[in-house]
Each structure stands twice: as C-alpha cells, then as structure tokens.
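Below: one structure, written as structure tokens.
The values are calculated or read from the model by the stated rules, or taken from the named source; none is laboratory data. Quantities reported herein were computed from a predicted structural model and do not represent experimental measurements. Note that we place each Cβ from the backbone using ideal geometry, even for glycine, and neighbour counts take in every protein chain shown. Just so you know, the surface numbers come from the protein's heavy atoms only, side chains and all, with ligands and any DNA or RNA stripped out. Shrake-Rupley method; radii C 1.70, N 1.55, O 1.52, S 1.80 Å.
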Amino acid sequence: VQLQASGGGLVQVGGSLRLSCAASRSIFSFNAVGWYRQAPGKQRELVARIGLGGSTYYADGVKGRFTISRDNAKNAVILQMNSLKPEDTAVYYCHATSVLPPADYWGQGTLVTVSS
C-alpha cells in the first residue's frame, strides 16, 4: 500500500494550502486516514483524522482552520488548511490504518512553511 502526499509549499501568514493524500487502494479500505506533522525539534503529532464512517478529529490548535475530507473521485484524503500560522510550519505526513490486515501505513512527508 502506498500513500502519496502532495500539496506542501511556502505560504505567507494567513494563507491557505491544500494537502492531498492519494492511496494505492480504496480509501474506504482503511478504518481511518489522518495527517500528522512534525516540526523541527518536536515530536510528531496528530493534526486531523477521518474515520471510515466520516467522523473527524482535529487537534485543538487547528480547529476552525483546517478541514479534512475525502475526495472519492481521486481516492484521496484532503487537508484544507486556512488561516495558516508560523507554528503550522512542519513536515506533514499522511497516515492510514487498516483492520484487515491489521496495519498502519505512512506516506512520505510534504513540507509546509508559513512565513511571517
């Protein structure tokens, strides 16, 4: 299983970016797909996650600014990031978990840099 993350880049404070996580098998085969991020010198943290039934989770620091959704046509999970702040600067990783077989998968990171 491969997860292809894309959409990172350099943006100014207050700007927006749209990250995409495209999977090599149906995104509905995973019980959850999420985005993590890791800033320099910090631990990797969960940013947002969408469950198979559509339930969503957001870290407190991104609530109201980030939206996670599925793009069924592209078999991808999207992270729309608005009102970006310098503290959002990090490498963002796509992650998926499956039950059958029990496994978790990571995509390569995509760098998001928010400049002030």
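Quick notes
- Rel. contact order, % - alpha carbon contacts under 8 angstrom, at least six apart, the chain: 37 percent
- Trypsin sites (Lys or Arg not before Pro) restricted to the stretch 34-66 and DSSP loop, no more than 13 other C-beta within 10 Å: Lys42, Lys63
- Per residue solvent-accessible surface (Å²) - the chain, probe of 1.4 Å: 52 Å²
- Local charge for Gly34 was computed over the other residues whose Cβ lies under 13 Å away, with Lys and Arg +1 and Asp and Glu -1, and equals +2.
- Sequence-distant contacts, meaning Cα pairs under 8 Å at least 6 residues apart, place the relative contact order of the stretch 20-88 at 30 percent.
- Atom-type composition of the exposed protein surface of the stretch 1-78 places 47 percent of the accessible area on carbon and sulfur (1.4 angstrom probe).
- Dipole magnitude of the chain, debye to nearest 20 (Cβ charges: Lys/Arg +1, Asp/Glu -1, about Cα centre): 100 debye
- Cross-link reach list, lysines versus Lys42, counting only Cα pairs under 26 Å and skipping chain neighbours closer than eight places: Lys63, Lys85
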